[in-house]
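Below: the structure, in C-alpha cells.
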Amino acid sequence: MAPFTKVEESFYLQAAHDFIYEDSIESFDHRKFPGVVPRTAAPIFILSSIIRPFKYLLDKPSMQILLRLLLGFCTSYSLSKITGIIKKKISPAASFLFLLTTVSQPHLMFYASRTLPNSIALPIVLYAFSCWPLGNEPAKFIALSAFAILTIRCELALLMGSFLIMGILTREISFGRLFVVGFSSTLVSLGRV
C-alpha cells in the first residue's frame, strides 16, 4: 500500500470521509460541491459502513489506511476465490501460475487498495467471475454484474455483457433467469426497492 493519494481518488475518499464522520447528508462535501459528472457512492458507502465504528478509536489518517486495507482485502479475497477454482477445476500448477502472473503485475498491486472506480469495481468483478463462468452460480454473476455496471462503471457492460451473451448462447443461463435476476438486481442497485 503506497502512502498519500492521487487526485483521482478524491471523490471516493471524500465520500468515505463524509459517510464516516458526517451525521447529515446535507453536510456532505458532494452536496456543497457536486462536480460536473454525477456519480454514485454506493460501493464506498458499504466499505465505509464496515469501518465506521473504528472512528472512535483511530485518527483520520489511520481510518484512511483501514479503508484501503479493507479494499485490498476484498481484492485479495476475490483473487483467492478464482485461484481456488482454477486449482480445483484445472490443476494446482495452473493455479500457482495464475496467481504468480497476477500478483507480479505492478499496477495491480499498486491500485488494489486505491479508492478509484476501477479499483473498487475490481473485487466485485473478480468475485462475479468466480461465481460464473468459473463457478456454478450464474445468478450471483448476474446480480454482481448489474451492481458493478449500474453503480460503478457502465463500460463493464461490454465485459460482463459478453459473458452473459455467451451464457445464453451456451444455455448455461436462461433468458428468463437473466431477466428476473437482472431486473431485481437493477432495482436494488438503483435503490428502487
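The values are calculated or read from the model by the stated rules, or taken from the named source; none is laboratory data. What you are looking at is a predicted structure, and each value in this text was computed from that prediction instead of being measured. Quick reminder, even Gly has a Cβ in these numbers, built from the backbone with ideal geometry, and neighbours come from all protein chains shown. Keep in mind that these areas ignore ligands, DNA and RNA; they rest on the heavy atoms of the full protein, side chains included. Shrake-Rupley method; radii C 1.70, N 1.55, O 1.52, S 1.80 Å.
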Could you give me the residue pairs with C-beta distances under 8 Å whose first residue belongs to the stretch 93-113 and is within 16 Å of residue 9 (Cα to Cα), whose second residue is open to solvent by 90 Å² or more (accessible area, probe 1.4 Å) and not in a helix (DSSP H, G or I) wherever it lies, and which are 6+ apart or on separate chains? 113/1
Within the stretch 147-156, is even one residue out of contact with any Pro (no Cβ under 8 Å at 6 or more places or on another chain), open to solvent by 70 Å² or more (accessible area, probe 1.4 Å) and in contact (Cβ under 8 Å) with a residue 24 or more places away in the chain? yes
Taking residue 73 as meeting all but one of (1) open to solvent by 60 Å² or more (accessible area, probe 1.4 Å); (2) farther than 22 Å from residue 103 by Cβ; (3) part of a helix (DSSP H, G or I); (4) modelled with pLDDT of 95 or more, write down the number of the exception. (2)
Checked 40, 5 against criteria (part of a loop (DSSP other than H, G, I, E, B), modelled with pLDDT under 95 and under 28 Å from residue 103 (Cα atoms)); the one match is 5
The condition of being of a type outside the set (Val, Ile, Thr), modelled with pLDDT of 85 or more and over 20 Å from residue 120 (Cβ atoms) holds, among 78, 49, 95, only for 95
Taking the stretch 77-108 and keeping residues surrounded by fewer than 16 Cβ atoms within 10 Å (Cβ to Cβ) and among the polar types (S, T, N, Q) leaves 80, 91, 101, 102, 104, 105
Could you count how many residues in the stretch 163-175 are open to solvent by less than 60 Å² (accessible area, probe 1.4 Å) and either of a type in the set (Ser, Thr, Tyr) or assigned to a loop (DSSP other than H, G, I, E, B) (or both)? 1
